[in-house]
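**Student:** The structure that follows is given in the form of structure tokens.
What follows is calculated from the coordinates using simple rules that are stated; it is not laboratory data. Keep in mind that what you see is a predicted model, and the values were worked out from it rather than measured. Reconstructed Cβ throughout: ideal geometry from the backbone, glycine too, with neighbour counts over all protein chains shown.
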Amino acid sequence: MTKSNKTAPAAPKHLRKESGESFKHVMRDYDLDEHHVILLTKACEALDRVEEARSAIKTHGMTYTDRFGTPRARPEIAIERDNRTAVARLFRELGLDLAGDGKTAPAALPANR
């Protein structure tokens, strides 16, 4: 994967605005192989799931009371956690650090060395 100055292709239409912007940013700045584009799409989809889960948690709270009166974690807690993990792993697999300072390119992918 190398830096690129090309125009960013359109993000998949099913992505939320924020994850679509991340997709376009990466596609504009880096030359990705086809299989890396698939990984990037999956990472952006996982970002969407994180945001959907966070929205549900904000609306419904972190816990609910089951039929026995015992407080339980809402399913969205696990959805958020699992998709955060997926995002981190997929970005690591791509060799991306979207929170970086933008001054340096990420390390080359092992497959491209």
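**Student:** Kindly indicate which of Thr70, Thr85, Thr65 is polar (S, T, N, Q) and within 12 Å of the chain's Cα centre (by Cα).
**Tutor:** The conditions single out Thr85.
**Student:** Restricting the search to segment 25-45, which residues are hydrophobic (A, V, I, L, M, F, W, C) and part of a helix (DSSP H, G or I)?
**Tutor:** Hits for segment 25-45 are Val26, Met27, Val37, Ile38, Leu39, Leu40, Ala43, Cys44.
Results for (1) in a loop (DSSP other than H, G, I, E, B); (2) touching a residue at least 12 places away in the same chain (Cβ under 8 Å); (3) under 19 Å from the mean Cα position of the chain (by Cα), shown as yes or no for each residue.
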residue: Leu15; (1), (2), (3): yes, yes, yes
residue: Leu47; (1), (2), (3): no, yes, yes
residue: Glu51; (1), (2), (3): no, yes, yes
residue: Lys58; (1), (2), (3): no, no, no
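**Student:** Turning to a different aspect of this structure: For Thr85, indicate whether it is loosely packed, with under 13 Cβ neighbours inside 10 Å, within 20 Å of Ile38 (Cβ to Cβ) and either free of Cβ contacts under 8 Å to residues at least 60 places away in the same chain or not basic (Lys, Arg) (or both).
**Tutor:** yes
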